[in-house]
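These notes are about the structure you will find just below.
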There are 2 protein chains.
Amino acid sequence: MGDMQRIGFIGLGIMGKPMALNLIAAGYILTVYNRTRIKTGVLEQAGAKLASSPKQVSENSDVIITMVSDSPDVQEIVLGNDGILEGIRHSSVMIDMSTISPSMTKTLSQRLAEKGASMLDAPVSGSSWAAEDGTLSIMVGGDKEVFQKCLPIFETLGKTIVHIGPTGMGQVCKLVNQVIVAGTLASVCEGLLLGSKSGVNLDNVFQAITGGAANSWQLENLGSRIIKRDFAPGFTVKLMLKDQRLINQASEELELPMPVSSIARQFFYALGQKGLGEEGTQSYIKALEEIGETEVK
Amino acid sequence: MGDMQRIGFIGLGIMGKPMALNLIAAGYILTVYNRTRIKTGVLEQAGAKLASSPKQVSENSDVIITMVSDSPDVQEIVLGNDGILEGIRHSSVMIDMSTISPSMTKTLSQRLAEKGASMLDAPVSGSSWAAEDGTLSIMVGGDKEVFQKCLPIFETLGKTIVHIGPTGMGQVCKLVNQVIVAGTLASVCEGLLLGSKSGVNLDNVFQAITGGAANSWQLENLGSRIIKRDFAPGFTVKLMLKDQRLINQASEELELPMPVSSIARQFFYALGQKGLGEEGTQSYIKALEEIGETEVK
């Protein structure tokens, strides 16, 4: 596989930008590309080279990381005009850290394999805050040997790094993650609203219940923000809506009943309709407050 | 208030027994009572005195702790024949650590106040495992000065101890806790079942997602047991069914829509119908497996 110091990074959004900066800080040589030019400024200042297409990124990199929104985005970046497939070299590795469908992952992996290149699916959990701290949880699908060779890169970006299984299994793991994330958040919101309407002091409640069986990442990180009415995104409603679509699709393909998950999904739809796509997922409380005609306070 | 070394303890079930043993180990002089005699053996061996009625317990104690199942149980213990009210002395304190309705709590507190005694509502979270370790989370309602005086007792039993507010607010806090516990568990179950049916290795998934935004007490403690198919109770389905009734009652009184909570409740009903009341709440997965005709493996 040779040297893996030259990394290409495509997708510099809320997650991608801090991740790319962490790689530069760790000494990697980065070539970056983003659909909208405006987002690359801070990366260039940090020393990244700017490419004009995904193809150019792949020509100049041993490892190409993609961190974009959705299955069609990754498809376009890999298979489209001036895409990665046109520039990628034999024995290069593409690491897709986006959250996309397991089936699209398998298709793209096969196309890259035809060129002699490898692909890992490596979606992450932990929000933009964890991306900044380099403490993401990374769930990786694909060849185990390729995973081992990329481990130093993953260790720059995350804290919990697990090889889940063959191609696509990183994405399956991420779906499991998001089912639990969404349902846990929904429960936190319903609990806090019940408390609020009952007249209890929520700061005290928060202090007590984070010490017991109700505690969760969602309660600690988003419950606290809900109480302060801070709706800045660690993870946006818009991205959750996309993940919900992937969950819905998986549930449909498997014909698996997912009652709580499907109810929580309706509230994310409502948030989308209310135009709150750019807010953090903790805005879930707003949809609940609306149907309950009450507010957390 | 005087000396508070003599503690009465009523209710020696899955939670009460280890709590009483921890108090004895800390040097308190205990008088215990349980409806069914058989459960007191281990306490007597540890040095507890056995009383023949709640009345007798209260006659011999500065502080009386009750840890039973439900509102009618506490009502009977306090107001019934040979109940606490008949024996309690001026300036004694009753601490009800059961999970009961906030309105029953207020009624009992008032009756005790008429006798010059105080009452704290102090329900706990954290399962029997935390009761054994003395690491419970304790949420306390009632007079703050009385709370302060009882703090050494709480510190023997728990780790996170919070005065939530006036009488009944400990119970409100516990309801919030249980809404979140049940919904989080439901989401963990749906996520794991989706992963299992997708063919992913759940041990790897568990390792990955406990490191990120999906993590929770429920995932760490019950998700792990679900994967191992260990259904021993940290908290029984039967007790959760009682808490669900309290949540349903609160939601109805407040006319507060709780969509995810109400769906999760239906599955606890199903577990009750299946005769799984004595199993741990992680048996939730069994109801989900039944409607999905699939199993976590």
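The values are calculated or read from the model by the stated rules, or taken from the named source; none is laboratory data. Computed from a predicted model, the values in this text were never measured in an experiment. Ideal geometry is used to build each Cβ from the backbone, glycine not excepted, and the neighbour counts take in all protein chains shown. Surface accessibility is based on the protein's heavy atoms, side chains included, excluding ligands, DNA and RNA. Shrake-Rupley method; radii C 1.70, N 1.55, O 1.52, S 1.80 Å.
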| said: Once the label point is set 7 Å along the Cα-to-beta-carbon vector, what list of distances in nm do you get between A:D230 and its counterparts in the other copies? | reply: 3.7
| task | For B:S262, place a label point 7 Å out from Cα along the Cα→Cβ vector, do the same in each other copy, and report the separations in nm, one decimal, smallest first. | result | 1.6
| task | Provide the per residue accessible area, probe 1.4 Å, for chain A, rounded to a whole number of square angstrom. | result | 36 Å²
| remark: The chain B residue whose Cβ lies closest to the rotation axis carrying chain B onto chain A, with that distance rounded to whole Å, is B:S216, 2
| task | Run the numbers on chain A and let me know its relative contact order in percent, using alpha-carbon pairs under 8 Å that are six or more apart. | result | 13 percent
| field | Max mean-square fluctuation residue, GNM over chain B, Cα-Cα springs under 10 Å, options B:A20, B:A131, B:A287 | value | B:A287
| query | What are the distances, in nm and sorted shortest first, from the label point of A:T36 to the label points of the same position in each other copy, with each label point placed 7 Å from Cα along the Cα-to-Cβ direction? | reply | 6.5
| Peptide A:266-274 - average C-beta neighbours from other chains (10 Å radius) | 0
| query | Amide H of B:I161: which non-local residues (sequence gap of 5 or more, or other chain) have their own amide H closer than 5 Å, using H built in the peptide plane? | reply | B:I138
| message | Mean-square fluctuation check for chain A, GNM, Cα pairs under 10 Å: which of A:S216, A:S98, A:S109 is largest? | response | A:S216
| message | Among DSSP bridges having both ends in chain B, what percentage is antiparallel? Round to the nearest 5. | response | 15 percent
| said: Hydropathy at least 0.0 by Kyte-Doolittle, axial extent at least 30 angstrom from the Cα trace: which helices of chain A, defined as entire DSSP H runs, fit? | reply: A:169-197
| task | Just need the relative contact order of the stretch A:172-292 here, percent rounded to a whole number, with Cα pairs under 8 Å and 6+ apart. | result | 36 percent
| said: Can you say what percent of the DSSP beta bridges in the protein assembly as shown, counting only those with both residues inside, are antiparallel? Round to 5. | reply: 15 percent
| task | Place a +1 charge on the Cβ of each Lys and Arg in the stretch B:157-297 and a -1 charge on the Cβ of each Asp and Glu, then give the dipole magnitude about the Cα centre in debye, rounded to the nearest 20. | result | 280 debye
| task | Calculate the dipole size of the stretch B:2-166 relative to its Cα centre from +1 charges on Lys and Arg beta carbons and -1 charges on Asp and Glu beta carbons; express the result in debye to the nearest 20. | result | 140 debye
| said: Rounded to the nearest 20 debye, what is the charge dipole size of chain A about its Cα centre when +1 sits on each Lys and Arg Cβ and -1 on each Asp and Glu Cβ? | reply: 320 debye
| task | Give me the accessible area of A:F267, 1.4 Å probe, in Å² rounded to the nearest 10. | result | 20 Å²
| remark: Which of A:K297/B:K106; A:K228/A:K286; B:K106/B:K174; B:K17/B:K144; B:K39/B:K242; B:K144/B:K242 exceed 19 Å between C-alpha atoms? The answer is A:K297/B:K106; B:K17/B:K144; B:K39/B:K242; B:K144/B:K242
| said: Distance between the C-alpha centers of the stretch A:96-148 and the stretch B:200-269? Whole Å please. | reply: 30 Å
| message | Quick query: amide H of B:A26 versus all other amide H atoms, modeled in the peptide plane; which residues come in under 5 Å with a sequence gap of 5 or more or a different chain? | response | none
| task | Could you look at the stretch A:2-166 and say what percent of its accessible area is carbon and sulfur, using a 1.4 Å probe and all protein chains? | result | 47 percent
| note | Residue-normalised 222 nm signal for chain B, counting each DSSP H run of n ≥ 4 as -39,500 (n - 2.57), nearest 500 deg cm²/dmol, is -15500 deg cm²/dmol
| note | Gyration tensor on Cα atoms of the stretch B:214-259, a ≥ b ≥ c root eigenvalues, a/c under 1.5 rounded, else prolate if a/b beats b/c, else oblate, says oblate
| query | Among A:G126, A:G168, A:G142, whose mean-square fluctuation peaks in a Gaussian network model of chain A (Cα, cutoff 10 Å)? | reply | A:G126
| What relative contact order, as a whole-number percentage, does the stretch A:2-166 give when Cα pairs under 8 Å and 6 or more residues apart are counted? | 19 percent
